[in-house]
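S.K.: The structure's right below; bear with me while I get my questions together.
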Amino acid sequence: MITIALSKGRIFEETVPLLAASGITLSEDPETSRKLILATNKPDVRVILVRASDVPTYVQYGAADVGVAGRDLLAEHGGQGLYQPLDLGIAKCRMVVAVREGFDYARAVRQGARVRVATKYIGTAREHFAAKGVHVDLIKLYGSMELAPLVGLADAIVDLVDTGHTLRANKLIAVEDILPVSAHLIVNPASLKLKRETLAPLIEAFGKAARG
Ligand code: ATP
Ligand code: PRP
Ligand code: MG
């Protein structure tokens, strides 16, 4: 049995065509079913639905053999115990530092001021600001980061941007790029050894579908 870990929403939707190109179709729609384990047309392949940030954990511990996870969450997880053979080129966006339109980030940095930064990416943010020599106080959030600077919780946020609509709608601007983000295929190294016969063709088919 091969177990594939996906998260609901954009990762699921953008992975379905890659699965189809690999000959795998799902028996159920996760938006209407409440099931967390979905069967496929192949009796030896199943899909499990987990929180996006939990995908690396399921694959690391071998509860799933493969998974699809954003580079943002892989950076935050650290990637230990994960083989990452493929950039799937889906769910593309950027991780950035953003501030309120009126906040002079460059000046705060120049003056060595402590900048209060709210984010769900604590580890990645800490590394980014340390490398730049920017002094920060990090505040952990679990979502809706764009709100934090508007109500005085933080001066800046570290969040994802795609179209820029969310930043604009909340009068925020991106002031620094941290990481280009896309979803990667991740594989449990022990699974790859033990189930190479089924996993290698799957990885190859995903690669082909992603490239083209
Ligand atoms: P949860 O709902 O559990 O808090 P989440 O917000 O991380 O999870 P998604 O919004 O589905 O879940 O994001 C999954 C992945 O998709 C992210 O880790 C990131 O790599 C990518 N992503 C997030 N937002 C965007 C976006 N606006 N455009 C493109 N890709 C995105
Ligand atoms: C993501 C991300 C930003 C937004 C950026 O949120 O957290 O808020 O997309 O995209 P944009 O630049 O195209 O506006 P998402 O849509 O995943 O909503 P969520 O808060 O439910 O995670
Ligand atoms: Mg989201």
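S.K.: Could you tell me the calculated FRET efficiency between ALA190 and GLU101, based on Cβ-Cβ distance and R0 = 30 angstrom, to the nearest 0.05? Could you put the intermediate results ahead of the total?
M.R.: Working: r = 50 Å, r/R0 = 1.66.
Here the calculated transfer efficiency is 0.05.
S.K.: Can you find, among GLY152, VAL99, THR163, the residue sitting farthest towards the positive end of the charge dipole of the range 93-180, where Lys and Arg contribute +1 and Asp and Glu -1 at Cβ?
M.R.: Value computed over the given set: GLY152.
S.K.: Report the extension gain between LYS8 and ARG34 in nm, rounded to one decimal, defined as 0.36 nm multiplied by the number of residues separating them, less their alpha carbon distance.
M.R.: Working: separation 26, 0.36 × 26 = 9.36 nm, distance 1.13 nm.
Length difference between fully extended and current span is 8.2 nm.
S.K.: Using 1/(1 + (r/R0)^6) with R0 = 30 angstrom and r between the beta carbons of ALA205 and ASP177, what's the FRET efficiency to the nearest 0.05?
M.R.: On the way: r = 33 Å, r/R0 = 1.09.
That pair, ALA205 with ASP177, gives E of 0.40.
S.K.: Separation between the LYS92 and LYS140 pseudo-spin-labels, each 7 Å from Cα along Cα→Cβ, expressed in nm?
M.R.: 3.3
S.K.: How much of the DSSP beta bridge set in the chain is antiparallel, as a percent to the nearest 5?
M.R.: Numbers: 27 of 42 bridges.
That works out to approximately 65 percent antiparallel.
S.K.: If you place +1 on the Cβ of every Lys and Arg and -1 on the Cβ of every Asp and Glu, how big does the dipole about the Cα centre of the chain come out, in debye to the nearest 20?
M.R.: Working: 26 positive and 23 negative charges, 49 e Å.
Around 240 debye, computed over the chain.
S.K.: If I compute solvent accessible area with a 1.4 Å probe over the protein chains, what percent of it on the chain is carbon and sulfur?
M.R.: That share works out to 51 percent.
S.K.: Calculated FRET efficiency, ALA113 and ARG51, Cβ-Cβ r, R0 41 Å, to nearest 0.05? Don't skip to the answer; put the middle values down first.
M.R.: Details: r = 35 Å, r/R0 = 0.85.
For ALA113 and ARG51, the calculated efficiency is 0.70.
S.K.: Going 7 Å from the Cα of ALA21 along its beta-carbon direction, which residues of the range 39-58 have the amide nitrogen within less than 15 Å of the resulting point?
M.R.: Label zone hits: none.
The values are calculated or read from the model by the stated rules, or taken from the named source; none is laboratory data. Keep in mind the model is a prediction, meaning the values are calculated, not measured. All Cβ positions, even for glycine, are placed from backbone atoms using ideal geometry, and neighbour counts span all protein chains on display. Ligands, DNA and RNA are stripped out before the accessible areas are found, and what is left, the full protein with its side chains, is counted by its heavy atoms. Shrake-Rupley method; radii C 1.70, N 1.55, O 1.52, S 1.80 Å.
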